[in-house]
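Here the structure is laid out as structure tokens; the discussion comes afterwards.
FYI, it's all coordinate maths here, none of it is from the lab. Given the structure is predicted, the values throughout are model-derived calculations rather than measurements. Cβ atoms come from the backbone with ideal geometry, glycine included; neighbour counts cover every protein chain shown.
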Amino acid sequence: MAKQFTINITNIIWSFDRENHQVNLLLVRRTDQPFEQFWALPETEMRTDESADEAALRLVREKIGLKLASFHTEQLATFTHPERTPGQRTLSLAYMTFLPEMPDLVPGYGASDARWFSMASEGDQNTFNNGQYHFATTPITVQTDYYAALAERKADPQTSLAFDHDWILKIACDRITNKLDYQPNILLILGSMFTLKQARRVFSIFKHIELEDIDNSNFKKNHRHIFEMVGTAAQTRPGRPAKVFRLRYL
């Protein structure tokens, strides 16, 4: 008899904290086994009457209360390694969702808490922090090595994400970083329009460099093929108002 497996949608949900100028990631605290009380990426089981794209948007709608257009989400990858989950085998179709706002969070079914974690870097790793909780993408770069180590891992809810979510996050961050100069969908977290300083801030976080190390003039010149100026920002202090841009390809 063939072994049964389930298909989950795992959603990496990004937003931007305009007050603190930080890229944020949504994590939820699980109430179910396996990995009860561990922090994890939001997940939902795909229904028989929906596509994976529809399930990813439904997860955002049900968990956060936002109805988004399809261009706010993109498929990341499929994760099927037999060791990725204990017990029943579970395949994950991972999506990234870029929220144009940072709504208040209410834990949904299967979660006791939901929080925004601010993104930073530590060496080559990306870190995600909220108060006493600090998580990081895996430092392992080869998939077979990662899952071999995962099977031996002694998981700690204070420092370990559930399942293989530190690997999924690594793949997500690598994808975003690699696409910054030609399809930076991550900028959708800034809304439909953004200033160059806001865009530089997002780029600096994913590139692990300081904002001041990205020259504004060169940045504008190097990205004119994907940025289109659409006006000026509302002026809140004396001086020349900042120009605002949008992504040309959307």
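Points worth noting:
- Of all aspartates and glutamates in the structure, those lying under 12 Å Cα to Cα from Lys221, and not within fewer than 8 positions of it along the same chain, are Asp181.
- When Val142, Val230 are arranged by Cβ crowding within 10 Å, least crowded first, meaning fewest neighbours, the order is Val142, Val230.
- Taking Cα atoms only, the orientation of helix 165-178 departs from the longest principal axis of the chain by about 30 degrees.
- Amide H to amide H, with H built 1.01 Å from N, Ala111 comes under 5 Å of Thr31, counting only residues 5 or more places away or on other chains.
- Structure note, pairs Lys67/Lys207; Lys170/Lys197; Lys63/Lys207; Lys154/Lys179: Cα-Cα distances above 27 angstrom occur for Lys67/Lys207; Lys63/Lys207; Lys154/Lys179.
- Applying 0.36 nm per residue to the separation of Glu101 and Arg18 and subtracting their alpha-carbon distance, the gain on full extension is 29.0 nm.
- Amide H contacts of Asp164 (H built 1.01 Å from N, under 5 Å, at least 5 apart or other chain): none
- Computed from backbone phi with θ = phi - 60° and the Karplus coefficients 6.51, -1.76 and 1.60, the 3J(HN,Hα) list for region 29-40 is 9, 6, 10, 10, 7, x, 6, 4, 6, 8, 7, 8 Hz; x is used for glycine and proline.
- Folded to 0 to 90 degrees: helix 143-152 orientation relative to the chain principal axis, Cα: 50 degrees
- Cα centroid separation - region 187-233 against region 152-181, whole Å: 25 Å
- Of the chymotrypsin sites (Phe, Trp or Tyr not before Pro) found in region 162-236, those that fall in a DSSP loop while having at most 16 other beta-carbon atoms within 10 Å are Tyr182.
- Enclosed volume per residue, in Å³, of the convex hull spanned by Cα atoms of region 193-247: 91 Å³
- For Thr85, distant residues with modelled amide H under 5 Å away: Thr90
- Of all DSSP-defined beta bridges confined to region 5-178, some 75% are antiparallel rather than parallel.
- Subtracting the Cα-Cα distance of Glu45 and Tyr109 from 0.36 nm times their residue separation leaves 21.8 nm of extension gain.
- Phi to ³J(HN,Hα) by Karplus 6.51 cos²θ - 1.76 cosθ + 1.60 over region 54-66, Hz, x for Gly, Pro: 5, 5, 5, 6, 5, 4, 5, 5, 7, 7, 10, x, 10
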